[in-house]
Amino acid sequence: MTLDISDTLAPDSDQLDAIDLLGHPRTFTIKSVSKGNAEQPVQVHLAEFPRPWRPGKSMRRVLAACWGTDASAWVGRRVTLYCDESVRFGSEVVGGTRISHLSHIDKAKSIPLLVSRGKSATYRVQPLADAAPPVDDPLAALRAEWKSASPERRAEIEAEIAARKPDEPALPEPEGWQQ
């Protein structure tokens, strides 16, 4: 018998933190976007996560460059986030949440971003091709995440789905799903 302690590892935070993504990227569906405070002005509420993602300025610039500045248009779109352990805050390496893929873009996008005072770099985002799961179906979101997950994460997802719906198979069996 195994004892999964994953839920005990979550940080005591009111937002999605980079540490929540440590080890594997995750794809989320945007449920809503609301105004935050002066320090963190945008709150992106995710269908598959209980706490909001508060993107930093660079990632807000990526979202605006790819999807436009009307955040209400982002609802239903999907984003893949990962922990970039090399993110700096001042002179310290602290890690941060970064975007790797976005739905609703037809090809990879390169966005110029400031990385420090007077220094810029190009940030690249890939298209997220698969269809968005319905916002009200968390099992569909897990099944979609399974497609690009590591073998370890796939086992976690299968266990989570099996625990929620013990009378159903862990995953649908589309052609080649076990490869």
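If you average the sequence gap of Cα pairs under 8 Å that are 6 or more apart and divide by the length of region 15-131, what percent do you get for the contact order?
Values: 225 pairs, mean separation 27.4, N = 117.
Once normalised by length, the contact order is 23 percent.
Quick one: order GLU85, GLU156 by neighbouring beta-carbon count within 10 Å, fewest to most.
On the way: GLU85 11, GLU156 18.
With the fewest neighbours first, GLU85, GLU156 line up as GLU85, GLU156.
For the residues LEU81, LEU128, LEU113, what sequence is obtained by ranking on other C-beta atoms within 10 Å, fewest first? If you can, show how the numbers build up before the last one.
Working: LEU81 24, LEU128 21, LEU113 15.
In increasing order of surrounding Cβ atoms, one gets LEU113, LEU128, LEU81.
No lab work stands behind these numbers, since they all come straight from the coordinates. Everything numeric in this text was worked out from a predicted model, so none of it was measured. Note: ideal-geometry Cβ built from the backbone for every residue, glycine included; neighbour counts use all protein chains shown.
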